[in-house]
Amino acid sequence: MIPEDTISQIRERTDMVALVSEYVPLKRSGRSFKGLCPFHSEKTPSFYVHPERCFFHCFGCQTSGDALSFVMKVEGRSFPDVVRMLAERAGVVIPVLDDREDAAYRRARAREERLVALMDAAAGFYVRQLREHPLGEMARAELERRSISMETADAFRLGYAPHGWDSLARWLREHEWSAAEAEEVGLLAPRRGGDGHYDRFRHRLLFPITDTNGRIVAFSGRVLDPPPDEPLSDRMEGAKYVNSPEGPLYKKGEVLFGLHEGRVAVRREGWCLLCEGNFDLLALHQAGFQNSAAPMGTALTEAQAKLLRRFADRIVLLFDGDRAGRKAARGAWPVLSAAGLAARVVTLPPGDDPDSYIRAHGAQTLRGLVDAALGVVEFLVDDAAEEAGGDARAKAEAVAALGPVLASVDNPVEVRLYIERVARKFGIADIDAVRQQLRRGLRASRAGDRRSRAQAPENQGREQVRPPRRTVSIPSLEGELLGAMLDSAPLFATEDGKKLEKLLTSPELRAIFQTAARMIEMRGVVDAAALLAECANSAGLSWLEDRLAIQKYDADAAARVVRDGVPRLAKQGVVREIDRLAADISAARRVGDEERALELTRRRDELRVSAHRLMAKR
Ligand SMILES: [Zn+2]
C-alpha cells in the first residue's frame with residue numbers, strides 16, 4: 001500500500017508536459033498544451049494536457065486522467081509499477097510501511113536489476129561484435145540480404161554472437177560479471193563434466209527481446225551459414241532459431257517481439273499487425289508499420305493476447321501464405337476471441353512471407369492488402385471450405401466446426417451473410433441444411449465446453465468490459481457558471497458563489513460544486529485529478545472531464561461570467577416557480593378553493609416583482 005499523500009505528491013511534482021512529450025509532441029494552447037492523441041488515431045489535435053491541473057483529456061476518445069493513469073495506459077503497466085517509476089522520476093521517496101516486506105522487496109528488486117544490467121551489457125557486447133568481429137560480416141550480409149538497414153539493426157540492438165565457445169564467457173569474466181548469474185539468464189551454459197561455462201549463442205544473428213518495460217529479458221538467435229574455414233567435424237546442424245531458456249526474467253509465451261518498440265503506435269492506431277517471424281517484424285517496421293508484434297516462433301498464447309489487449313482492441317494477422325501460416329491464423333482465432341480482440345486476416349500469396357512480400361511489392365501494396373483484409377470469420381469460412389475440398393463427409397464436419405465461430409458473432413445481419421457465405425463456399429444449395437449443421441456443431445462444442453469447465457473449477461471469466469459512460473444532460477447556464485468557478489477557485493468564497501450552490505437544479509452539478517468547495521476549503525485549490533477521482537461514479541463525470549481539460553476563463557472573465565450569470569439563473573428559477581404557481585392556482589380554482597387560489601396568487605405576484613428586481617439590479 002502506498003499512502004494517498006505520496007501519490008498526490010508524485011502527481012504534483014511530475015512535469016506532465018515533459019512526461020507526455022516523450023510520447024507525443026505538444027504545443028501550447030492557452031493554459032493547456034495540445035497534441036495528437038496517443039490513444040486514438042486522429043489528424044487534428046484534440047488531446048489536451050493541463051499542467052497546473054495535473055490532468056489530461058482527449059475530446060476525441062474521451063480518455064482522461066492524471067500522470068499516473070497516462071503512463072498506465074500508454075505503457076500498459078500496473079498502478080504500483082507506475083507509482084514507483086514516477087516517484088523515482090519526481091524524486092519522491094515512498095515511505096516504508098513494513099520493514100520486513102520492504103527489505104525482501106528491495107532484495108528481489110536489486111537482484112532483478114543486476115540481471116537486467118547483465119542482459120544489457122551482453123546486448124552491448126553482441127552489438128559491437130556485429131560491427132567488429134571478423135565473422136560479424138556474415139550476420140551483416142544476412143541483414144543486407146533481407147534489406148534490413150543498419151539503422152533498423154541499431155534501433156532493435158541486433159547483434160552477432162561470435163563463433164567459438166567462450167567469447168562472451170571470457171568477456172563477462174574480464175568485466176567481472178557473475179558467471180552464475182549469466183547462467184541464470186541463459187547467456188552461458190555450464191560445461192558438461194567440468195567446471196566453467198560456455199556461450200549458449202554461437203555464430204548467430206541475435207535479436208534482443210524486450211518486455212513492455214523496455215528491459216531485455218531474452219535473446220532470439222538465428223542460425224547463419226557456417227564460417228568458410230570451419231572444419232567439417234565442428235559443423236553442427238542447429239535449429240533455425242534458438243531462444244533464451246526460461247528464467248527469472250523470461251517466461252516463454254509472455255512477451256512479443258517488437259511490442260515495446262511499437263507500443264505507442266499500436267496504442268495510437270488501436271490495432272496491431274501480428275506477424276510470425278523476427279525478420280517480418282523488422283521489415284514491417286521499416287515499411288512504416290510500427291504497430292506490429294511477433295509471437296517469437298510459438299503459437300499465440302493467452303498471455304500474449306492479454307498483453308496485446310492492453311494496447312489495442314483489433315489485430316490484423318499477417319501470417320505466411322503457406323499452409324502453416326493459415327494454420328497459425330486458424331489457431332490464433334480462439335485465443336484472440338477469448339481476449340476480446342477483434343481480428344482480420346491478410347492472406348499473402350503462397351510462398352510469400354511479409355518480409356519477402358514487402359521486398360518484392362513494396363509497402364504501399366502491403367498497405368492495400370491490410371486495408372482489404374478479410375474479417376476473421378470470412379477467413380475461417382473460406383479456409384475451412386478450401387481444406388475440406390470436395391469430400392462430402394469432410395465438408396459436413398468442416399461446416400459443423402464453424403458453428404461456434406458463427407455463434408461468436410452478435411449481429412444477426414452478419415450472421416445471415418456468413419451463413420450464405422458458408423453455403424456458397426461449400427457449394428451447398430440448401431441454406432437450411434447449412435444452418436442445421438452449424439447448430440449441430442455448436443451444440444457439440446458447448447457440450448465439450450461444459451465438460452472442460454467442470455474439470456476446471458477455477459476457470460476465470462472473460463476480461464471485464466468497461467461499463468458504458470453514463471451521461472446526463474447538463475443545463476447549459478448552470479454548467480457555464482460552475483465551469484467559470486472551477487476556472488477561478490476564489491469565486492467559491494464570494495456571495496454569488498454561495499448563491500450558486502442553492503440555484504443549481506442539476507444534482508450532478510450540485511454534487512460537483514460541493515466536492516470542489518470542500519476541496520478548496522481544505523487545500524485552497526481545485527485538484528483536478530482528486531476531484532475527478534471523487535466524482536468517478538457521478539453521471540456528471542464526462543461533463544467535468546471536458547470542462548477541466550481547458551481553462552476557458554482567466555480570473556477576471558470568470559468573475560464577470562459569475563456576476564452576470566447568477567442573477568440570470570436566479571431569475572430562471574423564479575420563472576419556473578411562477579409557472580408552477582400558475583398551475584397550482586388553476587388547480588385550486590378547479591376544485592373551488594378560492595382562499596388557496598388567492599394565497600397562491602399573492603405569492604406569485606411577489607415573485608414577479610422580485611424577478612423584475614433581480615434583472616433591474618445590474
Ligand atoms: Zn483520444
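The values are calculated or read from the model by the stated rules, or taken from the named source; none is laboratory data. What you are looking at is a predicted structure, and each value in this text was computed from that prediction instead of being measured. All accessible areas refer to the heavy atoms of the entire protein, side chains included, with ligands and DNA or RNA removed. Shrake-Rupley method; radii C 1.70, N 1.55, O 1.52, S 1.80 Å.
For the reader, a short list of remarks on this structure follows.
- Prolate/oblate/rounded call for the stretch 257-327, Cα gyration tensor, a/c under 1.5 rounded: oblate
- Note: relative contact order over the stretch 49-140, using C-alpha pairs below 8 Å and six or more positions apart, is 10 percent.
- Considering the stretch 196-265, its Cα convex hull presents a mean projected area of 6.6 nm².
- Solvent exposure, largest accessible area first (probe 1.4 Å, DNA, RNA and ligands not counted), of K73, K425: K425, K73
- Long-range HN-HN contacts of D313 with modeled amide H, under 5 Å: none
- Rounded to the nearest 10 Å², the accessible area of K252 at probe 1.4 Å: 130 Å²
- Filter on K73/K251; K27/K498; K251/K395; K73/K252; K43/K552 - keep pairs with C-alpha separation over 31 Å: K27/K498; K251/K395
- The chain, accessible surface, carbon-and-sulfur percent (1.4 angstrom probe): 50 percent
- Computed from phi, the 3J(HN,Hα) profile of the stretch 258-273 under the Karplus parametrisation 6.51, -1.76, 1.60 (θ = phi - 60°) reads x, 5, 5, 5, x, 4, 5, 5, 4, 4, 5, 6, x, 9, 10, 8 Hz, with x in place of Gly and Pro.
- Counting only protein heavy atoms and using a 1.4 Å probe, the accessible area of T210 comes to about 20 Å².
- Solvent-accessible heavy-atom area per residue, rounded to whole Å², over the stretch 299-365 at 1.4 Å: 44 Å²
- Approximate shape of the stretch 458-612 as ellipsoid semi-axes (Cα gyration tensor, √5λ), whole Å, largest first: 37, 24, 12
- Each Cα pair under 8 Å and six or more residues apart adds its separation to the average, and for the chain the resulting relative contact order is 9 percent.
- Residues in the stretch 212-293 average 41 Å² of solvent-accessible surface per residue, probe 1.4 Å, ligands and nucleic acids excluded.
- Computed over every Cα-Cα pair of the stretch 116-212 and binned at 5 Å starting from 0, the pair-distance distribution P(r) comes out as 3, 13, 25, 24, 17, 12, 5, 2, 0 percent.
- Its residue count N fixes a reference of 2.2 N^0.38 Å for the stretch 287-342, and the Cα radius of gyration divided by that reference is 1.09.
- Where Rh is the Kirkwood radius over Cα pairs, Rg/Rh for the chain: 1.09
- Note that the stretch 549-555 has calculated 3J(HN,Hα) couplings of 5, 10, 7, 7, 10, 7, 4 Hz, one per residue in order, obtained from phi through the Karplus relation 6.51 cos²θ - 1.76 cosθ + 1.60 (θ = phi - 60°); glycine and proline are x.
- Within the full protein context, the accessible area of E478 is estimated at about 10 Å² for a probe radius of 1.4 Å.
- For the set W271, W165, W177, the ranking by accessible area, highest first and with no ligand, DNA or RNA atoms included, is W165, W177, W271 under a 1.4 Å probe.
- Shape of the stretch 542-594, Cα gyration tensor, a/c cut at 1.5: oblate
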